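Here the structure comes first, spelled out in structure tokens, and everything after it is commentary.
The values are calculated or read from the model by the stated rules, or taken from the named source; none is laboratory data. Here the structure is a predicted model, which means the values were calculated and not measured. No Cβ is skipped: glycine too gets one built from the backbone with ideal geometry, and neighbour counts run over all protein chains shown. Heads up: the accessible areas ignore ligands, DNA and RNA and are worked out on the full protein's heavy atoms, side chains in. Shrake-Rupley method; radii C 1.70, N 1.55, O 1.52, S 1.80 Å.
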Amino acid sequence: MTDRPEKLPFSFANFADGFDAHIDASIRGYADLIGDCTELSQYFVENGTTVCDIGCSTGRLLAEIRARNQARAPGARYVGFDIEPAFAPHWQTRAGDNIRFLVQDALDYDGFVDLSYVTSIFTLQFLPDRHRRDLCKKIFDALVPGGGFVVAEKTFARSPKVQDMLTSLYLNYKRKHFPDDEILDKEKSLRDKLKPEREADLIEMLTQTGFRAENIESFWKNHLFVALVCVKR
């Protein structure tokens, strides 16, 4: 017997207070990814359109995108979606006249219209395959011509040998920021929730929802994480 308290299953809501610092330490180059997503937005955001962040967590990315485009496209609207109400306190400092955040499953949202730029940063990987396709199809259908969809996901390598090497490199990186037992507990808790796929499979899924393969381009990679920008033509 032991007096050690039973550990609760991992949830990003448990890290809501310091989530941005947690994710920065969890994924090497994450701040660069956020910066790239923000800079890319200026090529898509237009007056009279809506910008969405699916799985917005603290609202950091959406707020940065708004700040980057507010002067040049003051008539754009910004909406963030997350199913975790624990992130809501962060939204209070980032909400404004044209930016709002919803505790809402984007799959059940019927208000997607005139989208110019949508981001989904490490969100689809937590959805079943059929729901990923449904959500991406809803986004594609609602994008204006020339609109952009940025998808960042954890992926599997094409080669088992490379998968093993990159997994080892990633674990070595995480051990610089987190104790081993925390890394292991998180890995166990996410085993039945996190469902990555190969980059090629992700691209195939996006083409099946409407995007042309030649309009899907990777722009950021680190370890087994990748980000794609998809343009509706």
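Below, the figures for the structure above:
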{"item": "Of the criteria (1) open to solvent by less than 30 Å² (accessible area, probe 1.4 Å); (2) assigned to a helix (DSSP H, G or I); (3) free of Cβ contacts under 8 Å to residues at least 60 places away in the same chain, which one ARG68 fails", "result": "(1)"}
{"item": "The range 123-158: number of residues that are buried (at least 22 other Cβ atoms within 10 Å of the Cβ) and of a type in the set (Phe, Trp, Tyr)", "result": "1"}
{"item": "Positions within the range 22-47 being touching a Phe, Trp or Tyr at 6+ places or on another chain (Cβ under 6 Å), part of a helix (DSSP H, G or I) and open to solvent by 20 Å² or more (accessible area, probe 1.4 Å), in sequence order", "result": "ASP24, ASP36"}
{"item": "Condition check for GLU204: part of a helix (DSSP H, G or I), modelled with pLDDT of 95 or more, open to solvent by 90 Å² or more (accessible area, probe 1.4 Å) and closer than 26 Å to ASP114 by Cβ", "result": "no"}
{"item": "Enumeration of residues in the range 207-233 that are within 16 Å of PHE140 (Cβ to Cβ), in contact with a Lys or Arg (Cβ under 8 Å, 6 or more places away or on another chain) and surrounded by 14 or more Cβ atoms within 10 Å (Cβ to Cβ)", "result": "THR209, GLY210, PHE211, ASN215"}
{"item": "Residues that are in contact (Cβ under 8 Å) with a residue 12 or more places away in the chain and either assigned to a helix (DSSP H, G or I) or in contact with a Leu (Cβ under 6 Å, 6 or more places away or on another chain) (or both), drawn from the range 207-226", "result": "GLN208, ASN215, ILE216, SER218, TRP220, HIS223, LEU224"}
{"item": "Qualifying residue in the range 126-146 (condition: modelled with pLDDT under 95, part of a helix (DSSP H, G or I) and either of a type in the set (Phe, Trp, Tyr) or closer than 19 Å to ILE27 by Cβ (or both))", "result": "yes"}
{"item": "Test set (1) modelled with pLDDT of 95 or more; (2) surrounded by fewer than 15 Cβ atoms within 10 Å (Cβ to Cβ); (3) in contact with a helix residue (DSSP H, G or I) (Cβ under 8 Å, 6 or more places away or on another chain); (4) among the charged types (D, E, K, R) - ASP53 fails condition number", "result": "(2)"}
{"item": "SER168 being open to solvent by less than 50 Å² (accessible area, probe 1.4 Å), small (Gly, Ala, Ser), more than 21 Å from TYR109 (Cα to Cα) and at pLDDT 95 or above", "result": "no"}
{"item": "The range 78-112, residues that are assigned to a loop (DSSP other than H, G, I, E, B), farther than 14 Å from SER57 by Cα and of a type in the set (Asp, Glu)", "result": "ASP97, ASP110"}
{"item": "Only listed residue being open to solvent by 50 Å² or more (accessible area, probe 1.4 Å), touching a residue at least 40 places away in the same chain (Cβ under 8 Å) and either on the phi < 0 side of the Ramachandran plot or in a loop (DSSP other than H, G, I, E, B) (or both), chosen from LYS195, LYS176, LYS161", "result": "LYS195"}
{"item": "Qualifying positions in the range 56-65 - assigned to a loop (DSSP other than H, G, I, E, B) and open to solvent by less than 10 Å² (accessible area, probe 1.4 Å)", "result": "CYS56, THR58, GLY59"}
{"item": "Total residues in the range 71-83, condition under 23 Å from GLU153 (Cβ atoms) and surrounded by fewer than 18 Cβ atoms within 10 Å (Cβ to Cβ)", "result": "1"}
